[in-house]
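Beneath this line is the structure, given in C-alpha coordinates, with notes to follow.
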Amino acid sequence: MDCMTYKFSIDVDRCKGCGLCVSVCPKKVLEISDKVNKKGYFPVRQAHPEDCNFCGACYLMCPDVAISITETAEDDREQE
Amino acid sequence: MGRIFRKPEVMTDEPTHYCPGCTHGLIHRLVAEVIDELGIRGRTVGIAPVGCAVFIYNYISVDFQESAHGRAPAMATGIKRVRPDLIVFTYQGDGDLASIGIAEIIHAANRGEKFTTIFVNNAVYGMTGGQMAPTTMPGQRTTTSPFGRKVEEVGMPIKIAELLSTIETPGYITRQTVIKPKYIVQAKKAIKKAFKYQMEGRCFSLVEVVSICPTNWGLTPVEAVKWAEETMLSYYKLGDCKTPDSHKGV
(Lines give C-alpha, C1' and ligand atoms only; values in the text may rest on other atoms or scores of the structure.)
Protein backbone atom coordinates (compact mmCIF):
# COMPACT_ATOMS: atom_id res chain seq x y z
CA MET A 1 0.00 0.00 0.00
CA ASP A 2 1.40 3.35 -0.99
CA CYS A 3 1.25 6.44 1.13
CA MET A 4 -2.04 8.01 0.24
CA THR A 5 -4.13 10.30 2.37
CA TYR A 6 -7.47 11.82 1.71
CA LYS A 7 -8.15 15.49 1.73
CA PHE A 8 -11.62 16.73 2.62
CA SER A 9 -12.48 20.21 1.45
CA ILE A 10 -15.56 22.38 1.44
CA ASP A 11 -16.01 25.12 -1.11
CA VAL A 12 -17.44 27.57 1.40
CA ASP A 13 -18.83 29.99 -1.15
CA ARG A 14 -20.70 27.26 -3.06
CA CYS A 15 -22.31 25.93 0.10
CA LYS A 16 -25.86 27.09 0.81
CA GLY A 17 -26.06 25.61 4.28
CA CYS A 18 -29.01 23.33 3.54
CA GLY A 19 -27.79 20.83 6.11
CA LEU A 20 -28.43 17.70 4.05
CA CYS A 21 -24.81 16.59 4.47
CA VAL A 22 -25.07 17.06 8.22
CA SER A 23 -28.11 14.78 8.25
CA VAL A 24 -26.45 11.96 6.31
CA CYS A 25 -22.99 11.99 7.94
CA PRO A 26 -22.69 8.64 9.75
CA LYS A 27 -19.97 9.95 12.08
CA LYS A 28 -21.61 13.30 12.90
CA VAL A 29 -18.53 15.15 11.69
CA LEU A 30 -20.24 18.09 10.10
CA GLU A 31 -22.17 21.01 11.51
CA ILE A 32 -23.51 24.32 10.27
CA SER A 33 -21.01 27.09 10.90
CA ASP A 34 -21.96 30.35 12.58
CA LYS A 35 -19.94 32.43 10.10
CA VAL A 36 -21.67 33.80 7.03
CA ASN A 37 -20.23 33.13 3.57
CA LYS A 38 -20.05 35.47 0.59
CA LYS A 39 -23.64 34.77 -0.40
CA GLY A 40 -25.04 35.23 3.09
CA TYR A 41 -25.59 31.57 3.88
CA PHE A 42 -24.25 29.76 6.91
CA PRO A 43 -22.03 27.12 5.33
CA VAL A 44 -21.21 23.71 6.69
CA ARG A 45 -17.93 23.01 8.44
CA GLN A 46 -16.09 20.01 9.81
CA ALA A 47 -16.57 20.19 13.55
CA HIS A 48 -14.84 16.87 14.25
CA PRO A 49 -12.44 16.26 11.34
CA GLU A 50 -10.66 13.53 13.30
CA ASP A 51 -13.79 11.33 13.14
CA CYS A 52 -14.14 11.56 9.35
CA ASN A 53 -13.60 8.26 7.54
CA PHE A 54 -14.00 9.75 4.04
CA CYS A 55 -17.03 7.62 3.18
CA GLY A 56 -18.30 10.24 0.75
CA ALA A 57 -21.92 10.28 1.91
CA CYS A 58 -21.78 14.06 2.26
CA TYR A 59 -20.41 14.43 -1.27
CA LEU A 60 -23.18 12.19 -2.60
CA MET A 61 -25.89 14.16 -0.82
CA CYS A 62 -24.58 17.69 -1.45
CA PRO A 63 -26.87 19.39 -4.00
CA ASP A 64 -24.31 22.10 -4.74
CA VAL A 65 -21.19 19.98 -5.25
CA ALA A 66 -19.50 22.01 -2.53
CA ILE A 67 -17.74 19.03 -0.94
CA SER A 68 -14.83 17.20 -2.46
CA ILE A 69 -12.70 14.37 -1.20
CA THR A 70 -9.45 13.91 -3.06
CA GLU A 71 -6.51 11.66 -2.72
CA THR A 72 -3.13 13.20 -2.03
CA ALA A 73 0.21 11.46 -1.82
CA GLU A 74 2.15 12.19 1.36
CA ASP A 75 4.90 14.10 -0.41
CA ASP A 76 2.57 15.89 -2.80
CA ARG A 77 0.31 18.09 -0.74
CA GLU A 78 -0.90 20.35 -3.46
CA GLN A 79 -3.77 22.64 -2.65
CA GLU A 80 -6.75 22.74 -5.00
CA MET B 1 -8.10 3.06 -4.38
CA GLY B 2 -10.56 5.02 -6.43
CA ARG B 3 -12.40 6.70 -3.58
CA ILE B 4 -12.22 10.17 -4.97
CA PHE B 5 -15.19 12.46 -4.84
CA ARG B 6 -14.92 15.71 -6.71
CA LYS B 7 -16.92 17.87 -9.05
CA PRO B 8 -17.26 16.21 -12.47
CA GLU B 9 -15.16 17.87 -15.16
CA VAL B 10 -18.12 18.64 -17.35
CA MET B 11 -19.73 20.74 -14.61
CA THR B 12 -18.80 24.40 -14.66
CA ASP B 13 -17.51 26.34 -11.66
CA GLU B 14 -20.58 28.52 -11.53
CA PRO B 15 -22.61 28.10 -8.31
CA THR B 16 -26.18 27.05 -9.04
CA HIS B 17 -29.09 29.45 -8.63
CA TYR B 18 -31.21 26.83 -6.89
CA CYS B 19 -32.62 27.24 -3.39
CA PRO B 20 -30.69 25.63 -0.53
CA GLY B 21 -31.41 21.90 -0.44
CA CYS B 22 -32.85 21.74 -3.97
CA THR B 23 -31.92 18.40 -5.50
CA HIS B 24 -31.72 19.80 -9.03
CA GLY B 25 -28.02 20.45 -8.48
CA LEU B 26 -27.56 16.87 -7.35
CA ILE B 27 -29.30 15.47 -10.42
CA HIS B 28 -27.21 17.78 -12.63
CA ARG B 29 -24.15 16.27 -10.97
CA LEU B 30 -25.33 12.71 -11.64
CA VAL B 31 -25.92 13.51 -15.31
CA ALA B 32 -22.51 15.22 -15.50
CA GLU B 33 -20.78 12.25 -13.88
CA VAL B 34 -22.41 9.87 -16.35
CA ILE B 35 -21.40 12.07 -19.31
CA ASP B 36 -17.83 12.12 -17.97
CA GLU B 37 -17.69 8.39 -17.36
CA LEU B 38 -19.11 7.47 -20.75
CA GLY B 39 -16.75 9.95 -22.45
CA ILE B 40 -19.51 11.49 -24.55
CA ARG B 41 -18.94 15.12 -23.67
CA GLY B 42 -18.12 16.18 -27.22
CA ARG B 43 -21.24 14.72 -28.79
CA THR B 44 -23.91 15.28 -26.20
CA VAL B 45 -26.75 17.72 -26.71
CA GLY B 46 -29.08 18.57 -23.88
CA ILE B 47 -32.53 20.06 -24.16
CA ALA B 48 -33.14 22.55 -21.36
CA PRO B 49 -36.70 22.76 -20.07
CA VAL B 50 -38.84 25.59 -18.85
CA GLY B 51 -38.83 25.44 -15.07
CA CYS B 52 -36.25 25.84 -12.36
CA ALA B 53 -33.68 23.94 -14.44
CA VAL B 54 -33.98 26.47 -17.27
CA PHE B 55 -30.37 27.59 -16.69
CA ILE B 56 -28.95 24.07 -16.79
CA TYR B 57 -26.74 25.19 -19.69
CA ASN B 58 -24.82 27.36 -17.23
CA TYR B 59 -23.88 24.35 -15.14
CA ILE B 60 -23.17 21.50 -17.55
CA SER B 61 -20.81 22.47 -20.34
CA VAL B 62 -22.24 20.52 -23.24
CA ASP B 63 -24.32 21.92 -26.07
CA PHE B 64 -27.81 22.90 -25.00
CA GLN B 65 -30.94 23.93 -26.73
CA GLU B 66 -33.72 25.71 -24.89
CA SER B 67 -37.19 24.47 -25.69
CA ALA B 68 -40.69 25.83 -25.28
CA HIS B 69 -42.61 24.68 -22.24
CA GLY B 70 -43.17 20.92 -22.43
CA ARG B 71 -41.88 20.61 -25.98
CA ALA B 72 -38.43 19.24 -25.15
CA PRO B 73 -39.26 15.70 -26.45
CA ALA B 74 -40.36 17.19 -29.79
CA MET B 75 -37.12 19.12 -30.07
CA ALA B 76 -35.06 16.11 -29.02
CA THR B 77 -36.82 14.06 -31.68
CA GLY B 78 -35.78 16.58 -34.32
CA ILE B 79 -32.16 16.74 -33.21
CA LYS B 80 -31.83 12.98 -32.82
CA ARG B 81 -33.40 12.25 -36.22
CA VAL B 82 -31.20 14.75 -38.04
CA ARG B 83 -28.03 13.74 -36.19
CA PRO B 84 -28.42 10.12 -34.97
CA ASP B 85 -24.72 10.12 -33.97
CA LEU B 86 -25.36 12.65 -31.18
CA ILE B 87 -26.39 11.70 -27.67
CA VAL B 88 -29.51 13.70 -26.89
CA PHE B 89 -31.10 14.07 -23.49
CA THR B 90 -33.93 16.19 -22.18
CA TYR B 91 -34.11 17.38 -18.60
CA GLN B 92 -37.65 18.16 -17.55
CA GLY B 93 -39.63 18.84 -14.43
CA ASP B 94 -43.10 17.65 -13.58
CA GLY B 95 -44.94 20.82 -14.55
CA ASP B 96 -43.13 20.69 -17.87
CA LEU B 97 -43.36 16.98 -18.69
CA ALA B 98 -46.41 15.74 -16.80
CA SER B 99 -48.74 18.64 -17.52
CA ILE B 100 -48.05 20.80 -20.54
CA GLY B 101 -45.79 18.36 -22.33
CA ILE B 102 -47.56 15.09 -21.60
CA ALA B 103 -48.67 14.62 -25.21
CA GLU B 104 -45.12 15.12 -26.47
CA ILE B 105 -43.58 12.62 -24.07
CA ILE B 106 -46.24 9.96 -24.67
CA HIS B 107 -45.85 10.18 -28.42
CA ALA B 108 -42.06 10.30 -28.26
CA ALA B 109 -42.10 7.16 -26.10
CA ASN B 110 -44.61 5.53 -28.41
CA ARG B 111 -42.52 6.28 -31.49
CA GLY B 112 -39.54 4.85 -29.62
CA GLU B 113 -37.36 7.91 -30.18
CA LYS B 114 -33.80 7.08 -29.21
CA PHE B 115 -33.17 9.82 -26.67
CA THR B 116 -33.02 9.95 -22.89
CA THR B 117 -35.31 11.94 -20.64
CA ILE B 118 -34.45 12.87 -17.08
CA PHE B 119 -37.78 13.63 -15.42
CA VAL B 120 -37.54 15.43 -12.10
CA ASN B 121 -40.68 14.88 -10.04
CA ASN B 122 -40.89 17.19 -7.04
CA ALA B 123 -44.70 17.26 -6.77
CA VAL B 124 -45.03 21.00 -7.36
CA TYR B 125 -44.50 23.74 -9.93
CA GLY B 126 -41.25 25.13 -8.59
CA MET B 127 -40.26 28.15 -10.65
CA THR B 128 -43.70 29.74 -10.94
CA GLY B 129 -44.23 29.81 -7.20
CA GLY B 130 -45.41 26.46 -5.95
CA GLN B 131 -48.69 25.81 -7.76
CA MET B 132 -50.32 22.39 -7.82
CA ALA B 133 -48.82 20.04 -10.40
CA PRO B 134 -50.30 16.81 -11.82
CA THR B 135 -47.92 14.97 -9.51
CA THR B 136 -48.90 16.82 -6.30
CA MET B 137 -49.75 14.38 -3.53
CA PRO B 138 -53.32 14.11 -2.18
CA GLY B 139 -53.80 16.58 0.65
CA GLN B 140 -50.59 18.45 -0.17
CA ARG B 141 -50.89 22.21 0.29
CA THR B 142 -49.74 24.37 -2.59
CA THR B 143 -50.52 27.97 -3.53
CA THR B 144 -53.38 26.81 -5.77
CA SER B 145 -54.60 24.12 -3.37
CA PRO B 146 -54.36 25.95 -0.04
CA PHE B 147 -56.57 23.37 1.68
CA GLY B 148 -54.67 20.45 0.22
CA ARG B 149 -55.13 18.60 -3.08
CA LYS B 150 -58.74 17.39 -3.22
CA VAL B 151 -58.81 14.06 -5.01
CA GLU B 152 -62.53 14.29 -5.74
CA GLU B 153 -61.99 17.53 -7.67
CA VAL B 154 -58.67 17.02 -9.44
CA GLY B 155 -58.02 13.30 -9.25
CA MET B 156 -55.02 11.36 -8.09
CA PRO B 157 -51.40 12.26 -8.97
CA ILE B 158 -50.21 10.93 -12.32
CA LYS B 159 -47.61 8.16 -12.18
CA ILE B 160 -45.67 9.00 -15.31
CA ALA B 161 -43.33 6.01 -15.19
CA GLU B 162 -46.20 3.51 -14.95
CA LEU B 163 -48.22 5.43 -17.54
CA LEU B 164 -45.41 5.32 -20.08
CA SER B 165 -44.60 1.69 -19.38
CA THR B 166 -48.04 0.66 -20.66
CA ILE B 167 -46.82 1.61 -24.13
CA GLU B 168 -46.01 -1.49 -26.19
CA THR B 169 -42.97 0.02 -27.94
CA PRO B 170 -39.78 -1.18 -26.20
CA GLY B 171 -38.23 1.35 -23.87
CA TYR B 172 -36.39 1.76 -20.61
CA ILE B 173 -38.60 3.42 -18.00
CA THR B 174 -37.48 3.60 -14.40
CA ARG B 175 -38.19 5.56 -11.23
CA GLN B 176 -35.43 6.55 -8.86
CA THR B 177 -34.94 9.08 -6.12
CA VAL B 178 -32.09 11.16 -4.70
CA ILE B 179 -33.19 11.75 -1.13
CA LYS B 180 -30.70 9.34 0.51
CA PRO B 181 -27.12 8.38 -0.46
CA LYS B 182 -28.09 4.75 -1.16
CA TYR B 183 -30.81 5.86 -3.56
CA ILE B 184 -28.42 8.32 -5.22
CA VAL B 185 -26.04 5.48 -6.11
CA GLN B 186 -28.94 3.57 -7.67
CA ALA B 187 -30.19 6.66 -9.50
CA LYS B 188 -26.78 7.18 -11.06
CA LYS B 189 -26.71 3.58 -12.23
CA ALA B 190 -30.13 4.03 -13.81
CA ILE B 191 -29.11 7.24 -15.59
CA LYS B 192 -26.00 5.51 -16.90
CA LYS B 193 -28.07 2.58 -18.11
CA ALA B 194 -30.47 4.96 -19.85
CA PHE B 195 -27.61 6.69 -21.68
CA LYS B 196 -26.11 3.33 -22.59
CA TYR B 197 -29.37 2.14 -24.15
CA GLN B 198 -29.34 5.28 -26.22
CA MET B 199 -25.71 4.84 -27.25
CA GLU B 200 -26.53 1.32 -28.38
CA GLY B 201 -29.39 2.78 -30.40
CA ARG B 202 -31.84 0.51 -28.69
CA CYS B 203 -34.75 2.44 -27.29
CA PHE B 204 -36.33 5.44 -25.67
CA SER B 205 -35.30 5.83 -22.05
CA LEU B 206 -36.80 7.82 -19.20
CA VAL B 207 -35.54 8.14 -15.66
CA GLU B 208 -38.08 9.62 -13.27
CA VAL B 209 -36.32 11.10 -10.25
CA VAL B 210 -38.42 11.74 -7.15
CA SER B 211 -36.89 14.84 -5.61
CA ILE B 212 -37.62 17.55 -3.08
CA CYS B 213 -38.62 21.20 -3.23
CA PRO B 214 -38.11 22.51 0.31
CA THR B 215 -38.99 26.12 -0.52
CA ASN B 216 -42.38 25.43 -2.06
CA TRP B 217 -43.25 22.65 0.34
CA GLY B 218 -42.55 25.08 3.19
CA LEU B 219 -40.17 22.70 4.93
CA THR B 220 -36.50 22.68 5.75
CA PRO B 221 -34.41 20.45 3.43
CA VAL B 222 -34.07 17.76 6.11
CA GLU B 223 -37.83 17.82 6.83
CA ALA B 224 -38.50 17.72 3.09
CA VAL B 225 -36.43 14.56 2.74
CA LYS B 226 -38.43 12.98 5.56
CA TRP B 227 -41.74 14.05 4.01
CA ALA B 228 -40.73 12.71 0.59
CA GLU B 229 -39.67 9.41 2.08
CA GLU B 230 -42.85 8.97 4.08
CA THR B 231 -45.38 10.32 1.61
CA MET B 232 -44.05 10.20 -1.93
CA LEU B 233 -42.11 6.94 -1.90
CA SER B 234 -45.14 4.94 -0.79
CA TYR B 235 -47.07 6.24 -3.80
CA TYR B 236 -44.26 6.57 -6.33
CA LYS B 237 -42.67 3.13 -6.08
CA LEU B 238 -39.01 2.94 -6.99
CA GLY B 239 -37.55 0.56 -9.52
CA ASP B 240 -37.56 -0.30 -13.21
CA CYS B 241 -41.06 -0.16 -14.68
CA LYS B 242 -40.05 -1.39 -18.10
CA THR B 243 -36.86 -2.56 -19.75
CA PRO B 244 -36.38 -3.19 -23.47
CA ASP B 245 -35.80 -6.87 -22.70
CA SER B 246 -39.05 -7.29 -20.81
CA HIS B 247 -41.24 -6.19 -23.66
CA LYS B 248 -44.37 -5.97 -21.54
CA GLY B 249 -44.77 -3.27 -18.92
CA VAL B 250 -45.51 -3.48 -15.20
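Determine which single condition B:Thr44 fails, assuming it passes every other condition in (1) among the hydroxyl-bearing types (Ser, Thr, Tyr); (2) farther than 16 Å from B:Ser205 by Cβ; (3) in contact with a Leu (Cβ under 8 Å, 6 or more places away or on another chain). In the conditions (1) among the hydroxyl-bearing types (Ser, Thr, Tyr); (2) farther than 16 Å from B:Ser205 by Cβ; (3) in contact with a Leu (Cβ under 8 Å, 6 or more places away or on another chain), B:Thr44 misses (2) alone. Against the condition under 18 Å from B:Thr90 (Cβ atoms) and assigned to a loop (DSSP other than H, G, I, E, B), how does B:Thr174 come out, does it pass? In short, no. Residue-level check: of (1) among the small types (Gly, Ala, Ser); (2) under 15 Å from the mean Cα position of the chain (by Cα); (3) more than 12 Å from every other protein chain (Cβ to nearest Cβ), B:Ser165 misses just (2). Looking across the range B:81-107, the residues that are surrounded by fewer than 20 Cβ atoms within 10 Å (Cβ to Cβ), more than 14 Å from the chain's Cα centre (by Cα) and farther than 18 Å from B:Val54 by Cβ come down to B:Arg81, B:Val82, B:Arg83, B:Pro84, B:Asp85, B:Leu86, B:Ala103, B:Ile106, B:His107. Per the listing B:Thr116, B:Thr77, the residue uniquely more than 14 Å from every other protein chain (Cβ to nearest Cβ), of a type in the set (Ser, Thr, Tyr), under 25 Å from B:Glu168 (Cβ atoms) and out of contact with any Asp or Glu (no Cβ under 7 Å at 6 or more places or on another chain) is B:Thr116.
Cβ separations smaller than 8 Å between residues 6+ apart or across chains give the following pairs from the range B:206-231 residues that are more than 10 Å from chain A (Cβ to nearest Cβ) and farther than 20 Å from B:Ile160 by Cα to residues that are surrounded by fewer than 24 Cβ atoms within 10 Å (Cβ to Cβ) and aliphatic (A, V, I, L, M): B:Trp227/B:Leu219.
In this structure, B:Gly139 does not satisfy being in contact (Cβ under 8 Å) with a residue 40 or more places away in the chain, surrounded by fewer than 24 Cβ atoms within 10 Å (Cβ to Cβ) and more than 16 Å from the chain's Cα centre (by Cα). When the residues of the range B:153-169 are filtered to those that are in contact with a Phe, Trp or Tyr (Cβ under 9 Å, 6 or more places away or on another chain) and surrounded by fewer than 17 Cβ atoms within 10 Å (Cβ to Cβ), the one that is nearest to B:Met199 (Cα to Cα) is B:Thr169.
Restricting attention to the range A:46-69, the residues being farther than 21 Å from B:Pro15 by Cα and facing chain B (nearest Cβ under 7 Å) number 1.
Selection over the range B:94-122 of residues that are outside any helix (DSSP H, G or I) and over 23 Å from B:Pro134 (Cα atoms) gives a count of 4. Would you mind stating whether B:Gln186 is surrounded by fewer than 24 Cβ atoms within 10 Å (Cβ to Cβ) and either in a helix (DSSP H, G or I) or in contact with a His (Cβ under 9 Å, 6 or more places away or on another chain) (or both)? Criteria met by B:Gln186.
Listed here are the residues, each with its yes/no results for (1) facing chain A (nearest Cβ under 7 Å); (2) farther than 21 Å from B:Ser67 by Cβ; (3) surrounded by fewer than 17 Cβ atoms within 10 Å (Cβ to Cβ); (4) modelled with pLDDT under 95.
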site: B:Gly2; (1), (2), (3), (4): no, yes, yes, yes
site: B:Phe5; (1), (2), (3), (4): yes, yes, no, yes
site: B:Glu9; (1), (2), (3), (4): no, yes, yes, yes
site: B:Asp13; (1), (2), (3), (4): no, yes, yes, yes
site: B:His17; (1), (2), (3), (4): no, no, yes, yes
site: B:Ile27; (1), (2), (3), (4): no, no, no, no
site: B:Gly46; (1), (2), (3), (4): no, no, no, no
site: B:Cys52; (1), (2), (3), (4): no, no, no, yes
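Quick one: how many residues across the range A:26-41 are more than 10 Å from every other protein chain (Cβ to nearest Cβ) and part of a loop (DSSP other than H, G, I, E, B)?
Number satisfying all stated conditions: 9.
Selection over the range B:119-133 of residues that are in contact (Cβ under 8 Å) with a residue 40 or more places away in the chain and polar (S, T, N, Q) gives a count of 2.
The values are calculated or read from the model by the stated rules, or taken from the named source; none is laboratory data. Since the structure is predicted, the reported quantities are computational estimates derived from the model, not experimental observations. In this analysis, Cβ positions are derived from the backbone assuming ideal geometry, glycine residues included, and neighbour counts consider all displayed protein chains.
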